[in-house]
Amino acid sequence: MIKAGIIGATGYAGNEIARLLMGHKGVEVAWYGSRSYIEKKYADVYQNFFQLVDAKCMDDNMEALSDEVDVIFTATPQGLCASLINEGILSKAKVIDLSADFRIKDVKKYEEWYGIAHKSPEFINEAVYGLCEINREDIKKARLIANPGCYPTCSTLSVYPLLKEGLIDPSTIIIDAKSGTSGAGRGAKVDNLFCEVNENIKAYGVASHRHTPEIEDQLGYACGEEVMINFTPHLIPMNRGILITAYASLKKEVSYEEVKAVYDKYYNKELFVRVLDKDVYPQTKWVEGSNFVDVNFKIDTRTNRIIMMGAMDNLVKGAAGQAVQNMNLMFGFDESEGLRQIPMMP
């Protein structure tokens, strides 16, 4: 049994980590950190934990936390983890950061897109990008994980196999993305009010969304060259879920069987990536509440392009579930421990 601490436990991602760890056989949550609710009972903030968790919320003192736990999850805004982490903490506890602080290896690029100075650039190169299906062996040896963003997770897993195998032209990639409102966090914002979101769909962060460089970096690693994409996210009136529809030009004529074989090559042994049957397309309702990513594709022979699709729960595989999956690899648990939930329907 290991002990875990969650900084940012009262955000949506932090709450989801707590929920998943309640069903984990090898972990005890010893610290529910929340700067906004110090000394308030966690179950009073999230009543779904009523009579399940008696603990009170604590502060975000990572130094003290590292003396008490084996792993620290930081489900916090950009900049906080980087401002708190140091060698002493990492020598005592492993850290899984759900912010973007360590995802982008180029400090200048991070500071340009996020508009803040990086407080601990000395740890960027050490941090392992925690996309388990691609970086599994490095994750097992890591002490600092950069948990991927939600859009980058779904985008990368949908496009990666074809890019890695050289079937598509990297310069032609366009990614259209749609997400439920929980992706914007729990903070009060006018744009996320019911009357603003209900019966509405809108693009946001057009040509400027902060996940763009993260997606470009990961796709660039796949094909071994710099990648520049068009990425446009949209907010849709539902709580959870991400749907990615990506487009790219094919480098050569391919059959359905050839492309399916490529996806199977990368995902046939992956529990959490499900390659759907022919002409069955990903839907958010079939992954909600689970750590699964459903992917598929369609060849458009008329335009010589291919359409790549993916769907997942932004709070599970897009955040908390992926963090727990990373923890499992780091501590030698079965990779699926605590993550075997069947998608909810309805």
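Nothing in this text is a laboratory measurement; each read-out follows from the coordinates by a stated rule. Quick caveat, the model's predicted, so the values are computed rather than measured. Note: ideal-geometry Cβ built from the backbone for every residue, glycine included; neighbour counts use all protein chains shown.
Tabulated data for the structure shown
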| quantity | calculated |
| --- | --- |
| Fraction of antiparallel bridges per DSSP, segment 2-126 only, in percent to nearest 5 | 5 percent |
| Within-13-Å neighbourhood charge of Phe231 [Cβ basis; K, R +1; D, E -1] | -2 |
| Loop-located GluC sites (Glu not before Pro) in segment 197-228, at most 14 other Cβ atoms within 10 Å (DSSP) | Glu199, Glu225, Glu226 |
| Nearby aspartates and glutamates by direct alpha-carbon distance to Lys56 (threshold 20 angstrom, same-chain neighbours under 8 apart not counted) | Glu16, Glu28, Glu39, Asp44, Asp67, Glu68, Asp70 |
| Local electrostatic count, Phe297, Cβ distance below 13 Å [Lys/Arg +1, Asp/Glu -1] | -4 |
| Lysine pairs with alpha-carbon atoms under 30 Å apart, segment 212-321, spacing 8 or more or separate chains | 28 |
| Among beta bridges that DSSP assigns inside the chain, antiparallel share in %, nearest 5 | 45 percent |
| Cα-centre dipole for the chain with unit charges at Cβ (Lys and Arg positive, Asp and Glu negative), debye to 20 | 460 debye |
| Restricting segment 1-49 to trypsin sites (Lys or Arg not before Pro) in coil, as DSSP defines it, with at most 15 other Cβ within 10 Å | Lys25, Lys40 |
| Karplus 3J(HN,Hα) series, Hz, for segment 191-206 with 6.51 cos²θ - 1.76 cosθ + 1.60 (x for Gly, Pro) | 4, 9, 5, 3, 5, 7, 9, 4, 6, 8, 9, 8, 7, 8, x, 5 |
| Computed over the chain: relative contact order in percent, which uses C-alpha pairs under 8 Å that are six or more apart | 18 percent |
| Globularity ratio of the chain, using Cα Rg and 2.2 N^0.38 Å | 0.97 |
| Whole-number percent relative contact order across segment 151-314, with pairs defined as alpha carbons under 8 Å at least 6 apart | 31 percent |
| Within segment 151-314, percent of DSSP bridges classed antiparallel, to nearest 5 | 75 percent |
| Net charge of Cβ neighbours under 14 Å - reference Pro213; Lys, Arg +1; Asp, Glu -1 | -3 |
| Choice from Gly321, Gly224, Gly11 with maximal GNM fluctuation in the chain (Cα, 10 Å cutoff) | Gly224 |
| Separation between Cα centres of segment 8-72 and segment 297-323, rounded to whole Å | 31 Å |
| Chymotrypsin sites (Phe, Trp or Tyr not before Pro) lying in DSSP loop within segment 23-67, provided at most 15 other Cβ fall within 10 Å | Phe50 |
| Those lysines that a straight Cα-Cα span of less than 21 Å connects to Lys119, excepting residues fewer than 8 apart in one chain | Lys92, Lys94, Lys105, Lys108, Lys109 |
| Percent of Cα pairs exceeding the 27 Å cut-off, where the set is segment 151-314 | 23 percent |
| Residue-averaged [θ]222 nm for the chain, counting only DSSP H segments that reach four residues, each worth -39500 (n - 2.57) | -8000 deg cm²/dmol |
| Estimated inter-spin distance, Glu111 and His234, nm [label 7 Å along Cα→Cβ] | 3.7 nm |
| Unit charges at the beta carbon, dipole of the chain: most positive-side option, Leu167, Gly205, Val293 | Val293 |
